[in-house]
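Every number in this text was worked out from the coordinates using simple rules, so none of it is lab data. Computed from a predicted model, the values in this text were never measured in an experiment. Note that we place each Cβ from the backbone using ideal geometry, even for glycine, and neighbour counts take in every protein chain shown.
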Amino acid sequence: MWLCQIYLTLRQVKHYRQSIHEMRQQSTGFLGVGVQKSRFSIGSVVILTTDQNGIITRCKRMTGVTVFATFKEIPELIGKQLEDCYPTTPVKAEEKALEIAIQQIDLQRKKLQIPQTSLPSTKDMEGDAQSIPTLDYTYNS
């Protein structure tokens, strides 16, 4: 019995990794994974990918209690703006997982919007060569 459970668990982990790898193949955009589980009720995993503008390009969901649960596409979310998909009051496990995945993508998008520190221009660094210190590499032996 234990061997069967271990085998099925490993098979589900392999399926999870393959799904994540498949969703990461998108050249640009963001990936978010939301996981909502509790000890004795139905758990849910949602994987979202968006383009740079926050439009959902792919969405998969795995919901269930057993190791037989697999990822299924959610076509009704594809093409929607990320902000329009927030669940108003998440109650179900899949709604909470969707909210977590959206929050992860929002964090990634906000990180890219942080203004970069300005570097000095090449004109600011120009000067006469005599003001630049040099090192003397002569050795006395």
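Pairs from the table (Lys72/Lys110; Lys14/Lys111; Lys14/Lys92; Lys72/Lys111; Lys14/Lys60; Lys37/Lys110) lying more than 19 angstrom apart at Cα are Lys72/Lys110; Lys14/Lys111; Lys14/Lys92; Lys72/Lys111; Lys37/Lys110. A simple rule links phi to the HN-Hα coupling: the Karplus curve 6.51 cos²θ - 1.76 cosθ + 1.60 with θ = phi - 60°, which for the stretch 42-53 gives 5, x, 8, 10, 10, 10, 10, 10, 10, 7, 5, 8 Hz, with x for Gly and Pro. Modelled spin labels at Asp106 and Ile42, positioned 7 Å past Cα toward Cβ, are 2.5 nm from each other. Fully extending the segment from Tyr7 to Phe68, taken as 0.36 nm per residue of separation minus the present Cα-Cα distance, adds 20.8 nm. Karplus-derived 3J(HN,Hα) values for the stretch 20-33, using 6.51 cos²θ - 1.76 cosθ + 1.60 with θ = phi - 60°, are 5, 4, 5, 6, 6, 6, 5, 6, 10, x, 10, 10, x, 10 Hz; glycine and proline are entered as x.
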